[in-house]
Each structure stands twice: as structure tokens, then as C-alpha cells.
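The values are calculated or read from the model by the stated rules, or taken from the named source; none is laboratory data. In this text, all values refer to a predicted model and were calculated from it rather than measured experimentally. Methodologically, a virtual Cβ is constructed for each residue, glycine included, from the backbone with ideal geometry; neighbour enumeration extends over all protein chains shown.
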Amino acid sequence: MYTHPLDVPSQTNLTAFSAGELRSLLVEYDLGTYEAHQLFAHGSDQTNILLVTTKGKYTFRYYEKKVRRV
């Protein structure tokens, strides 16, 4: 696991992503090979993950709530 001083949020409604799920997502993009990930302590309406790969560091954002526009 990547050791970066980020606090894990206390919200319990955030979606958890496993290393395997993130590896599967990376296959679709030219971002390198998965090395580690860490949940950000921000985002009450979305899950924000620091994703570390062989090509760099990226932010993965998963929207928990999507507002339907009429």
C-alpha cells in the first residue's frame, strides 16, 4: 500500500474499490500498471482515490450521487 499522509474519511457511504477493481479499470487506459491507491479525506458526494501507477499519480473520482437534470 502506498504510504501517503492522507486521512481516510469518516463517511461510511463511500464506495470501496479493491486493488483488483482498480487494476481492471486501468486496462482501459494508458496510465501504467497499478502500484497502490489511497482514499482521499475529501468528497462527501463522491469517492476520491489517489491512484499510483508506473507512469505517475492520478486522481480517480467515483460519483456516489448523480443529480438528474430535468
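Output yes when any residue across segment 48-55 is part of a loop (DSSP other than H, G, I, E, B), on the phi < 0 side of the Ramachandran plot and at pLDDT 95 or above, and no when none is. Taking every residue of segment 48-55 in turn, at least one turns out to be part of a loop (DSSP other than H, G, I, E, B), on the phi < 0 side of the Ramachandran plot and at pLDDT 95 or above. Consider Phe17 carefully, then state whether it is in contact with a strand residue (DSSP E or B) (Cβ under 9 Å, 6 or more places away or on another chain), in a loop (DSSP other than H, G, I, E, B) and free of Cβ contacts under 8 Å to residues at least 60 places away in the same chain. Spelling it out, Phe17 is indeed in contact with a strand residue (DSSP E or B) (Cβ under 9 Å, 6 or more places away or on another chain), in a loop (DSSP other than H, G, I, E, B) and free of Cβ contacts under 8 Å to residues at least 60 places away in the same chain.
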